[in-house]
Amino acid sequence: MALSRRDALGILAAAPGLRLAQAQGQDAKPEIPKGEFAGTSESLRPVAAPDWFRDAKFGIWAHWGPQSQTEAGDWYAKRMYEEGSKQYQFHVKTYGHPSKFGFKDIIPTWKAEQFDAEHLMDLYQKAGAKYFVSMGVHHDNFDLWNSKFNRWNSVNMGPKKDVVGMFQKAAQKRGLKFGVSEHLAVSYHWYQTSHLSDKAGPQKGVPYDGADPKFWDYYHEGHEVPVRPGSTRTDDWSPVNVPVKWKQHYFNRIKDLVDNYHPDLLYTDGPIFFQEWGLSLIAHLYNESAKKNKGKVGAVYCSKLNREINGVLAGILDVERGLLDKIADQPWQTDTCIGGWHYNREIKYKSAKTVVDLLVDIVSRNGNLLLNFPLPGNGMLDSEELKTLDGITKWMAVNHEGIYGTRPWKIFGDGPGTGASAQGGGNFNERNRKDLGPQDARFISKGSTLYAFVMGVPDKEALIPALAPGGANNVGKIRNVELVGFKGKVKFTQEAAGLKVELPEAKPCEHALAFKIVGA
């Protein structure tokens with residue numbers, strides 16, 4: 001017999017761990033302890049990036065959770081319910097039909113049996129990361145800490161470990177700043193595929209397991225998902241049809257994450273959600289940080305769709321899988337991945353060369369690189385990931401002085417890789433990039449010293465046209481040039497064609513050479 005909506009909501013309210021606001025949240029308002037910042041656009045002024053973020057330049061991210069267990073790529077928990085999709089076909093073949101074996105049944109199979117946060121953090125610190133970011137919760141509605149407001153969490157289920165806490169302890173033990181990412185708000189619409197059924201075949205019309213009210217504290221109650229204007233595609237990010245009770249629940253859980261771990265960085269996957277609810281979370285992050293830092297905000301907030309709310313641009317601009325096309329006035333961040341976001345056994349990873357190109361290019365434009373290494377379900381990097389990480393480690397060991405604590409120069413670059421089609425410009429433009437070569441240069445400064453990176457390894461001589469005397473960049477007389485990582489002296493000339501540097505036979509590193517220049 002079909003349940004009425006009223007009865008179904010009663011079951012939902014009684015489900016362990018789910019706290020609904022008063023009267024289903026219709027009169028609820030976000031509440032945070034009093035502090036300098038409040039959850040209003042008038043109070044939440046832009047906060048400058050702290051020095052640690054400006055100086056760090058490179059962070060590593062673990063985009064990990066129960067969706068990694070299947071090792072079948074991004075958004076598995078949604079796409080396994082999309083009839084005919086690659087993940088649907090994999091799921092039916094591997095686990096059975098989603099009416100009988102849903103994503104909730106994947107969770108107990110995620111044991112993370114090789115997960116060693118201490119070992120991973122040793123590798124990441126050695127590779128040069130100055131901050132580490134742990135997934136807190138993805139769109140799959142599963143919390144990776146001992147969540148006060150959600151029984152579906154990694155301490156109760158799956159690995160039965162406080163993943164966020166273990167990562168935090170390992171990072172802080174090594175002096176790395178610690179961040180968390182939250183992707184929760186869109187879960188309410190995102191997971192509605194779990195309420196559908198096949199449109200054809202032997203299971204036609206049989207509801208998937210998300211339609212069972214017993215599991216609505218995980219999959220959410222069934223509802224209509226809004227459609228994008230001018231399209232037939234649904235819009236998971238839309239605030240339309242999102243009840244106040246979900247906004248309250250979202251707020252409670254992310255506030256709980258902040259209260260438990262006091263992150264140095266909080267990343268929101270999307271815009272600032274639900275007006276005052278999202279603004280209150282940022283205000284609470286800043287207030288808590290100020291309490292720990294003698295009144296000064298030391299935490300960073302960033303979102304990949306950092307839209308203005310009543311004229312306020314809160315936090316740091318984050319660009320997903322892309323670069324800005326110029327030197328930004330304020331520090332910003334690229335978040336990207338060596339492969340897919342969640343582990344995919346079939347994907348090809350970025351090479352160390354590609355990562356080095358991205359890092360130097362981003363830093364030259366006043367940005368940071370946050371790089372995801374997707375962990376498989378067992379929690380240990382695979383051999384190809386270790387190969388890329390090792391290449392980064394070797395390059396950073398030589399060239400780190402030209403990365404950390406630096407600031408932009410007059411221009412970010414020179415050469416064919418700085419043309420309009422190669423520069424960047426926003427989210428998801430890195431797919432158009434090609435590896436940079438010896439004719440490409442990137443410029444980064446530290447005090448009165450200029451670091452000129454030649455983005456390939458020439459055989460005998462490096463030429464940097466942008467450092468010709470005078471010219472558009474008003475370059476002065478160069479007094480000294482050193483090749484970073486090489487102990488001997490190098491011969492150089494500064495002439496109309498540019499700065500020419502003779503190279504030793506044995507180069508100090510692969511991928512990109514850094515020249516330390518005084519007097520330019």
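Residues considered: L389, L323. Of these, the only one that is more than 17 Å from V180 (Cα to Cα) and in a helix (DSSP H, G or I) is L389. All conditions but one from (1) touching a residue at least 12 places away in the same chain (Cβ under 8 Å); (2) assigned to a loop (DSSP other than H, G, I, E, B) apply to G136; the one that does not is (2).
Being crowded, with 24+ Cβ neighbours inside 10 Å and among the hydroxyl-bearing types (S, T, Y) is the filter here, so list the residues in region 257-278 that pass it. The answer is Y267, T268. Restricting attention to region 335-356, the residues that are without any contact (Cβ under 8 Å) to a residue 40 or more places away in the chain and closer than 16 Å to L436 by Cβ total 2. Each residue in region 10-42 was checked for being at pLDDT below 90, surrounded by 15 or more Cβ atoms within 10 Å (Cβ to Cβ) and assigned to a loop (DSSP other than H, G, I, E, B), and 8 of them qualify.
Might you let me know whether region 66-87 holds any residue that is outside any loop (DSSP other than H, G, I, E, B), among the hydrophobic types (A, V, I, L, M, F, W, C), at pLDDT 85 or above and touching a strand residue (DSSP E or B) at 6+ places or on another chain (Cβ under 6 Å)?
Taking every residue of region 66-87 in turn, none turns out to be outside any loop (DSSP other than H, G, I, E, B), among the hydrophobic types (A, V, I, L, M, F, W, C), at pLDDT 85 or above and touching a strand residue (DSSP E or B) at 6+ places or on another chain (Cβ under 6 Å).
Residue-wise test of (1) assigned to a helix (DSSP H, G or I); (2) touching a residue at least 40 places away in the same chain (Cβ under 8 Å); (3) not assigned by TED's automatic domain parsing to the domain that holds Y81.
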| residue | (1), (2), (3) |
| --- | --- |
| G210 | yes, yes, no |
| D217 | yes, yes, no |
| G222 | no, no, no |
| S238 | no, yes, no |
| V242 | no, yes, no |
| N252 | yes, yes, no |
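Checking each residue in region 198-233 for being surrounded by 16 or more Cβ atoms within 10 Å (Cβ to Cβ) and among the polar types (S, T, N, Q) picks out only Q203.
The values are calculated or read from the model by the stated rules, or taken from the named source; none is laboratory data. Here the structure is a predicted model, which is why all the values come from computation and not from measurement. FYI the Cβ positions are ideal-geometry reconstructions off the backbone, even for glycines, and counts take in every protein chain you see.
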